[in-house]
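The values are calculated or read from the model by the stated rules, or taken from the named source; none is laboratory data. Since the structure is predicted, the reported quantities are computational estimates derived from the model, not experimental observations. Neighbour counts are summed over all protein chains in view; Cβ atoms, including those assigned to glycine, are modelled from backbone coordinates with ideal geometry. Surface accessibility is based on the protein's heavy atoms, side chains included, excluding ligands, DNA and RNA. Shrake-Rupley method; radii C 1.70, N 1.55, O 1.52, S 1.80 Å.
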Amino acid sequence: MVDGSDGATPAAPPLRLLAVTHGAPSPDNRAAIIRLVDAIATARPDLDIAISFVDSHPRDAIAAFEGYIRDSAGVLLPLVLSAGFHVRTGLTQGLDHAGDSEVVLAAELGPDERIVEELALRIEELGLHESDVVVLAAAGSNDPRAARECFETARRLAARLGRQVTIGFVASAVPRLHDAIDMLRAVHSGSRIIVGAYMLAPGVFYDQAAAAGGDIVARPLLQPDAPAPEPIVQLVLDRYEAALVSMEGSRG
């Protein structure tokens, strides 16, 4: 699109990323997320990109949202695999409070086949054996939609791995991860319990998943000491582009 006044191409709307945490982010969590932000900036040097770490409490999400949209337009993208009630409620209320601001909220990252592929790679790098049993650890949410999205990801991962994958939640939803692991150990006596981590980065929930009783735990999608996977970078940019289409549609 070209501005008819001087022939210049308008700048792309800013991309505002929200890393939703549970309490203060750990150094590893922050470093892993910054790796992703750096990769996005490298892939799209034309974009004005900013990142904020926001506690999952709705009031914190509202405050962050309103701070971003007070003076400018852009795309607000929560870096979450599935948006639970607190995220959807907080950001939606923030949008309502903003009134006529030209800010659009992008969709959560999952479910998506690129995430499934990255999950599979992290499990396979552990040396997956035929006798191993896989459980997918997710953070958990009181939001039924978020829980369904996690079950859908587990279904897709099972198809990708060619074996059953059981879902287990660290908090707020059932089955709880430790219960799922106990059940699998009772049914598959002698088998290794492999825990896949449906988590974007290290943090509180990953630590709890690692302590839930599995034999070995796969890495989360992002690492503090490794480049962000290109498919995850592209997924974020795709969510940004989809939000722009929504923005243009609302203007029309």
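Brief remarks on what is shown
- Under 5 Å from the amide H of Asp48 lie the amide H atoms of Leu15, each residue being 5 or more positions distant or on a separate chain, with H modelled from the backbone and absent for Pro and chain starts.
- Given their separation in residues at 0.36 nm each and the Cα-Cα distance between them, Ala24 and Glu125 gain 33.3 nm when the chain is fully extended.
- Shape of the stretch 86-215 from the C-alpha gyration tensor: prolate (a/c of 1.5 or more and a/b above b/c, with a ≥ b ≥ c the square roots of its eigenvalues).
- Surrounding net charge for Ala154, when Lys and Arg each add one and Asp and Glu each subtract one, Cβ distance under 12 Å: +3
- Asp28 - accessible surface, heavy atoms, 1.4 Å probe, Å² rounded to 10: 80 Å²
- Most tightly packed first, judged by the mean number of other beta-carbon atoms within 10 Å of their residues, the peptides 144-151, 74-81 read 74-81, 144-151.
- Ordering of 29-35, 130-136 by packing [mean C-beta count within 10 Å, highest first]: 29-35, 130-136
- Exposure ranking of Phe169, Phe205 by accessible area [1.4 Å probe, largest first]: Phe205, Phe169
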